[in-house]
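Take a look at the structure set out below.
The values are calculated or read from the model by the stated rules, or taken from the named source; none is laboratory data. The model shown is predicted, which means the values in this text are computed figures rather than measured ones. Don't worry about glycine lacking a Cβ; one is built from the backbone with ideal geometry, like all the others, and counts go over all protein chains shown. SASA here: full protein model, heavy atoms, side chains in, ligands and nucleic acids out. Shrake-Rupley method; radii C 1.70, N 1.55, O 1.52, S 1.80 Å.
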Number of protein chains: 6
Amino acid sequence: MYSVTVRDHVMIAHSFRGEVFGPAQRLHGATYVVDAEFRRRDLDADGVVVDIGRATDVLRRILADLNFRNLDDVPAFAGCNTTTEFLARVVFDRLVAAIGRGELGPGARAIEHVRVTLHESHVASASFDGPVASS
Amino acid sequence: MYSVTVRDHVMIAHSFRGEVFGPAQRLHGATYVVDAEFRRRDLDADGVVVDIGRATDVLRRILADLNFRNLDDVPAFAGCNTTTEFLARVVFDRLVAAIGRGELGPGARAIEHVRVTLHESHVASASFDGPVASS
Amino acid sequence: MYSVTVRDHVMIAHSFRGEVFGPAQRLHGATYVVDAEFRRRDLDADGVVVDIGRATDVLRRILADLNFRNLDDVPAFAGCNTTTEFLARVVFDRLVAAIGRGELGPGARAIEHVRVTLHESHVASASFDGPVASS
Amino acid sequence: MYSVTVRDHVMIAHSFRGEVFGPAQRLHGATYVVDAEFRRRDLDADGVVVDIGRATDVLRRILADLNFRNLDDVPAFAGCNTTTEFLARVVFDRLVAAIGRGELGPGARAIEHVRVTLHESHVASASFDGPVASS
Amino acid sequence: MYSVTVRDHVMIAHSFRGEVFGPAQRLHGATYVVDAEFRRRDLDADGVVVDIGRATDVLRRILADLNFRNLDDVPAFAGCNTTTEFLARVVFDRLVAAIGRGELGPGARAIEHVRVTLHESHVASASFDGPVASS
Amino acid sequence: MYSVTVRDHVMIAHSFRGEVFGPAQRLHGATYVVDAEFRRRDLDADGVVVDIGRATDVLRRILADLNFRNLDDVPAFAGCNTTTEFLARVVFDRLVAAIGRGELGPGARAIEHVRVTLHESHVASASFDGPVASS
C-alpha cells in the first residue's frame, strides 16, 4: 500500500466532564499537531496517492473550522467530551466526506484508508483510522 | 480504530552475546524512549481509549523496574540478549498484564491491541505489537 | 559554558486583546512544550550544572500552577496578553526565584543564565533568556 | 509482530510532469529522510529482527545509488514522475531484493513485511509497505 | 531577551563547484526546513516580539522566491556556491530588509537580532545570525 | 556569525558517585544523540563553515572512541562522574584539538566557537560551548 501524510495544527479551548479527568475538568486548552495519512493500493496517473497541496489545503480548511475556538461552545459537540481521540474521529469523518465530495481531486476517490493522529504534547497523542467506505 | 499513545524513557546498561553484535558485545548502555500505543474499536463512556494519566503512570511503573539497571544482572533476562526488540516485547507483556489486572481502569479491558516502540537513537528503533488477548 | 536543559509541558486556555491577534482574540488554548536551560561556567563538585531530577521537579511544580487553567481568570495576569513570549518570561522569573530560594540545590546558586522556550506548535515557539542576577 | 526501523537520508533533484504539480513542474529538489521498517513474527537465534548495522549499511548503499543525482536523468525512471510515494516503492523493491539475496543476513529472510517512509519536509511524507513475498 | 521563532520549508535544486564537495558537485537538491528567530529586549504594546502570523507570512514570501527552483539558474547567485550556510545568510538579509520596510509591522522595527537556521536533513543544519542594524 | 551543526550518537554504560544521583548511582547506560555546532564570522573560499562530510567523519571518530564502552573502566575518566555535561566537555575538547590538527580541513582553523550538545532523552540534554582558542 502507498500512503501520503500531511501535517498542520489547531489551537483550541475545552473542558471535560467526568471525575477521571481530574484537573482537566477545568477549562483549559491544547495545541493539536495533526497528521492526516491517506492510503491506497495504486498510484494515480500522475504517480501520486493524493496531491499534497490539495490534501494540505483540505486539512487546513477542516482545522480552520475548529481553530481558535472554545469547543465547549460548538453545538455539534454538545454533550461530548472533546478528547483527543474524539477529535481525531471528527477530523477523520470530515476528511472522508471531503474525499467523497471530490475535494481532494477526482483521483483521490481511490483512497481506501485514512488515519488521523493528533499530537497533544511531546508525550501523548491519539488517532482514529478506518476504511474510507465504512465511515 | 481509535488509539492513544504515551511516551516515557528508561536508561539501562547491558551487553550482547553473538559475533553479529561486534563491539556491542562489550558492556555498554542505551536510553530507550518508549512509546506505548493502545488501540480499541470504540471509546468508553468518558470518550477515551484509556485515561492518559493512568496509562502514563502504568508505563512509568513498568519502566521503573528496568531503569538505572544493568540488564545483564536481571535474573528474568538470564540467557537472553536484551535487544531493543526483545525489550519491546517485555514492556508489551507487562502492559498487557497490567490491562488484565485492571490497572489502566476497568474500561481499559476493552483495549484490543497494544504496540510498544523503543527508540534507541535518532536513527534506530524497534517495536512489538499484538492483540491483547493472544499474549 | 556548561548547560543543562529539561523539558515538560502545560495545557492552558486564554484569549488575546488587540486587533493584531485576529481570530486569536477568541477564547482558545495551547499546549506549550517547555524547555528550561540552565547555564554556568563550571560544574559543581558532583560534576553537574544542576541535578536533572530536581530541575525537572521544580519546572513541573511551576507549570502545575498554570496547568489546566484559563489564564484569563488568573489574577496575576490581569490586563496582560498571556502570549507565548510573556509566559516564557513568567516561567523564567519563577525559575530564577526558585534558584534563589535554593530549591534546585545549594550548588545551583552558581547558575548564571537561564533560557526558557515554549513551543506552541511544530512551527512556532518563543523564549525568554537572561542572567540570573539581573532578574 | 516484531519490527526494527533504521533511518538515513538522500538529497536529489527532479521535476514533475502534469499540471497538478504547479511550480513543482520546474526542476527543484528534496532531502528525503528515509525510514525502513522490517517486520517479522519471531526473533532469530540472536534475539533480533535484523542486525541493525547490516540494515543500516544496506539502506545506505541503496540510497547512495540515488544520492546527489538529478532523477530526471536516471534511465530507470524515464517517463515516471519520481514522486515521494514512487521513490518509497523504489527503495522498498530494492530492500526486498536485498533481503532475497541474503544481504541483510541469512536470518533476515524471515522478514515478512517491509515499510519504507520518505519524509520530504517537516509537514509531508509518503510511504510504501507490503509483504516481502508478494513484491 | 525575548525571542519568537517560526518555521517553514523550501525545496530547491543546485550543484556545487569545488573538489571538497565530492558527489555534491553533481546537480542534486535539498529540502530546507527553515527556522527564523527574532530577538528583542522588550515586548511591544501587544505583548509580542513580532506578530507570529505576519512573521510566518513574510518568511513564506521570501522562501517562495526560492521554492521549486534550480538555484544554479538564479542570476543573483551567479558564481556562488549556494551552500546551506550561504542560503541562511540570504534569508537573513531578506528578513532584515523586510523588517526595515515595516513588513513585519511597525513595532517589529525594535527587533535587534535575527537568526536563520536551515535544516538540510535530520543530521545537518546551518545558520546565520546577527544584529539587525549591522546587516 | 555562520554556523554548521552535525549530529551522531553514542551508546555507553556508566555509574555515578554521590547521593544526589539516587538510583543513577547503579551501573546503567545512555544513548547520547550528539550535536556539534561550529561557528565562524566568514565563510571560506568554498562558501562553507566547514565541510559537513569532514565534520561528520571527525565527530564519528571521536564518538567511536567512547562507543559501546563502560565509561567506569576508561582510565581517562577515573575519579570523574561522566555526566552528560562532563561528556559534552570531553567531546568539545576533542573537537577543538581536531580543528587545531587540521583534521576538519585547513580552512576550518578559522572556526571561532564550538558548541556540543548531548541529548540523553526526549526530555533532557546538556551542552558545553566556548571559543576555540581558549580551550
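See the values below:
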item: Among (1) surrounded by fewer than 22 Cβ atoms within 10 Å (Cβ to Cβ); (2) more than 14 Å from chain E (Cβ to nearest Cβ) - the single one residue F:63 does not satisfy; result: (2)
item: Failed item, numbered, when residue F:42 is tested on (1) in contact with a Pro (Cβ under 6 Å, 6 or more places away or on another chain); (2) away from chain B (no Cβ under 11 Å); result: (1)
item: Residue within the stretch A:25-36 that is under 18 Å from the mean Cα position of the chain (by Cα), open to solvent by less than 10 Å² (accessible area, probe 1.4 Å), aromatic (Phe, Trp, Tyr) and modelled with pLDDT of 95 or more present; result: yes
item: Residue that is farthest from residue F:11 (Cα to Cα), among those in the stretch B:12-24 that are surrounded by fewer than 24 Cβ atoms within 10 Å (Cβ to Cβ) and among the aliphatic types (A, V, I, L, M); result: B:20
item: Residue list for the stretch D:15-26, restricted to those being in contact (Cβ under 8 Å) with a residue 60 or more places away in the chain and on the phi > 0 side of the Ramachandran plot; result: D:18
item: Identity of the residue in the stretch D:99-129, out of contact with any Lys or Arg (no Cβ under 8 Å at 6 or more places or on another chain) and of a type in the set (Gly, Ala, Ser), that ends up farthest from residue A:117 (Cα to Cα); result: D:107
item: Selection status of residue D:7, assigned to a strand (DSSP E or B), of a type outside the set (S, T, N, Q) and open to solvent by 50 Å² or more (accessible area, probe 1.4 Å); result: yes
item: Selected residue [in a strand (DSSP E or B) and more than 20 Å from residue A:116 (Cβ to Cβ)] from A:30, A:13; result: A:13
item: Selection status of residue D:69, more than 15 Å from the chain's Cα centre (by Cα) and either open to solvent by 70 Å² or more (accessible area, probe 1.4 Å) or within 12 Å of chain A (Cβ to nearest Cβ) (or both); result: yes
item: All positions within the stretch C:4-29 that are more than 7 Å from chain A (Cβ to nearest Cβ) and under 12 Å from residue A:67 (Cβ atoms); result: C:22
item: Failed criterion for residue F:108 (all others in (1) out of contact with any Ser or Thr (no Cβ under 9 Å at 6 or more places or on another chain); (2) crowded, with 19+ Cβ neighbours inside 10 Å; (3) at pLDDT 95 or above hold); result: (3)
item: Residues being modelled with pLDDT of 95 or more and open to solvent by less than 10 Å² (accessible area, probe 1.4 Å) - total across the stretch F:78-105; result: 12
item: Meets criteria (closer than 25 Å to residue A:117 by Cα, within 12 Å of the chain's Cα centre (by Cα) and part of a helix (DSSP H, G or I)) for residue B:85; result: yes
item: For residue C:126: the one exception among (1) part of a helix (DSSP H, G or I); (2) within 10 Å of chain E (Cβ to nearest Cβ); (3) open to solvent by less than 30 Å² (accessible area, probe 1.4 Å); result: (1)
item: Flag if residue D:120 is surrounded by 18 or more Cβ atoms within 10 Å (Cβ to Cβ) and more than 7 Å from chain A (Cβ to nearest Cβ); result: yes
item: Every pair of residues 6+ apart whose Cβ atoms lie under 6 Å, when the first sits in the stretch D:41-55 and is of a type in the set (D, E, K, R) while the second is crowded, with 17+ Cβ neighbours inside 10 Å and modelled with pLDDT under 95; result: D:44/D:107; D:46/B:20; D:51/B:20; D:51/D:105; D:54/D:105
item: Evaluation of residue D:40 against (1) open to solvent by 20 Å² or more (accessible area, probe 1.4 Å); (2) among the charged types (D, E, K, R); (3) farther than 28 Å from residue D:14 by Cβ (one fails), failing number; result: (1)
item: Within the stretch F:55-73, considering residues that are among the polar types (S, T, N, Q) and not in a loop (DSSP other than H, G, I, E, B), the one nearest to residue F:39 (Cα to Cα); result: F:56
